[in-house]
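Right, one structure below, let's go through it.
The values are calculated or read from the model by the stated rules, or taken from the named source; none is laboratory data. Computed from a predicted model, the values in this text were never measured in an experiment. Methodologically, a virtual Cβ is constructed for each residue, glycine included, from the backbone with ideal geometry; neighbour enumeration extends over all protein chains shown. Please note that ligands, DNA and RNA were not included when accessible areas were found on the heavy atoms of the full protein model with its side chains. Shrake-Rupley method; radii C 1.70, N 1.55, O 1.52, S 1.80 Å.
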Amino acid sequence: MKVLVLHGHLSMGGEERVLLNVLKNLVELNYDVDLLITWNHGKNNLFENEIPKKVNYEFLFKNYDGKSKIIKEIFRLRAKTTYLKKVEKIVKERKYDIVIDYSSNLLKYKDLDIKVPLFAWIHFSLTFGEKLSEEKIEKYKKQYKKYDKILAICDTMKNEFVDILGMDKTKVELVYNPINLKIIREKAENVNPDYEKYLKENYFLQVSRLTQQKQPEHLVDIYYKLKQRGIKEKLYFIGNGEKVELIKQKIKEYNLENDVILLGQIENPYPFFKNAKLFVHTAKYEGLPTVLLESLAFGTPVVAYDCPTGPKDILGENSEYGELIPLNDKDMFVEKVYELMNNNKKYENYKKLSFVRANDFSMESNKVKLKELIENISEIIK
């Protein structure tokens, strides 16, 4: 069985870490697996060295990292206008049995000439918590009609496709993101000497792209109020993005230069997950955030905004496995963190339950589901 996986890039992100685990499972199922990556980000291809050896991979376009906005736009347009034809040619010539569009690269193209089963792996909510207009619903129906299977990573997202777009339940499959507990726990023991001094501190942690979606500036506001109430832990950010300058401004405004640390992108963040007192998360929308799962895998309690999809699917509808905070309620976030750090019984209970919950997202359960989907491929008629 020949499987082609399409993805956008190999820069830092939860999607990319999950992708590595999916590829590993596909290889272990003895499929012939190729990975086609849209953009080559050069030195920022943080996950390139971790692609399983049996996976053949290639990049379609070199990313422009210069300062010229005009040249950058030319690169983007060239990719947009030629991407589909390149993919169609590769699928036809190499005779794949299935194509997995892991990052919805094909979603916006109207006319596809791909005559093999096509799966969409969905990482985000359709609605982002808002009511969809009739126009948007019709647009989504047309876009997703081209796929033979929709792989949703949590129940809430699966229900959106069925209830809002009216898709047949048999077309939408629930496939949890897998985490490789063994590997990430091994990586946590491999500490870069450059970071040893940071790991010796007591700290709260956030690992993500520092973007509009993640709202990292909320954490600085929250942390400032916690410091005023006597919290001693520092706050670490791992990741980069367009919000870096805003975060720096807030750090300076609050005089938190010695307390809030921007560590940038780190290839192996797992020692930080393991040693953190809390993992804190303020995204306004998510799919199934891998960083929450990875935190639980180390017994690190999580406090997170209850955005439309994701956190509640991991932490439980009633905060069984971690604290859910109403979206954008910074004051409640402060209260719950303060309470948790001053209630040892509750804190230790969350630590214990974190390990239990992490096992629900194992590599093995994902492998069983992938095999079921691919082995039943003969039932799919293009």
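Assess whether K115 counts as being touching a residue at least 60 places away in the same chain (Cβ under 8 Å) and more than 18 Å from H7 (Cβ to Cβ). In short, yes.
When residues of the range 346-371 are filtered for being under 16 Å from K277 (Cβ atoms) and either open to solvent by 50 Å² or more (accessible area, probe 1.4 Å) or not polar (S, T, N, Q) (or both), how many remain? Residues meeting the conditions: 7. From the list L118, L126, L132, L151, pick out the single residue that is in contact with a strand residue (DSSP E or B) (Cβ under 7 Å, 6 or more places away or on another chain) and closer than 28 Å to L327 by Cα. After applying the criteria, what remains is L151. Considering only residues in the range 133-161 that are not in a helix (DSSP H, G or I) and not hydroxyl-bearing (S, T, Y), the one that is farthest from S104 (Cα to Cα) turns out to be C154. K110 falls short of the stated requirement of being more than 14 Å from K149 (Cα to Cα) and either part of a helix (DSSP H, G or I) or over 27 Å from the mean Cα position of the chain (by Cα) (or both). Are any of the residues in the range 67-82 open to solvent by less than 20 Å² (accessible area, probe 1.4 Å), assigned to a helix (DSSP H, G or I), among the aliphatic types (A, V, I, L, M) and touching a Leu at 6+ places or on another chain (Cβ under 7 Å)? The answer is no; no qualifying residue exists. Among the residues making up the range 169-179, those that are open to solvent by 20 Å² or more (accessible area, probe 1.4 Å) and not in a helix (DSSP H, G or I) are E173, L174, Y176.
Within the range 200-238, the set of residues being within 29 Å of E16 (Cα to Cα) and hydrophobic (A, V, I, L, M, F, W, C) comprises F204, L205, V207, L210, L219, V220, I222, L235, F237, I238. Taken as a whole, the condition of being hydrophobic (A, V, I, L, M, F, W, C) and within 15 Å of K277 (Cα to Cα) does not apply to M332. Whether a residue is open to solvent by 50 Å² or more (accessible area, probe 1.4 Å) and either at pLDDT below 95 or of a type outside the set (A, V, I, L, M, F, W, C) (or both) was assessed, and E16 does not pass this test. Can you pull out every residue in the range 86-117 that is surrounded by 17 or more Cβ atoms within 10 Å (Cβ to Cβ), over 24 Å from E286 (Cα atoms) and hydrophobic (A, V, I, L, M, F, W, C)? Selection gives V87, I90, V91, I98, V99, I114, V116. Look through K345, K367, K330 and report the one residue that is basic (K, R) and touching a Pro at 6+ places or on another chain (Cβ under 8 Å). Selected residue: K367, the only one of K345, K367, K330 that is basic (K, R) and touching a Pro at 6+ places or on another chain (Cβ under 8 Å). In the set L340, L324, L263, only one residue is under 22 Å from K197 (Cα atoms), touching a strand residue (DSSP E or B) at 6+ places or on another chain (Cβ under 7 Å) and not charged (D, E, K, R); that residue is L263. With respect to (1) within 21 Å of E267 (Cβ to Cβ); (2) open to solvent by 30 Å² or more (accessible area, probe 1.4 Å); (3) of a type outside the set (D, E, K, R); (4) without any contact (Cβ under 8 Å) to a residue 40 or more places away in the chain, the lone exception for N44 is condition (4).
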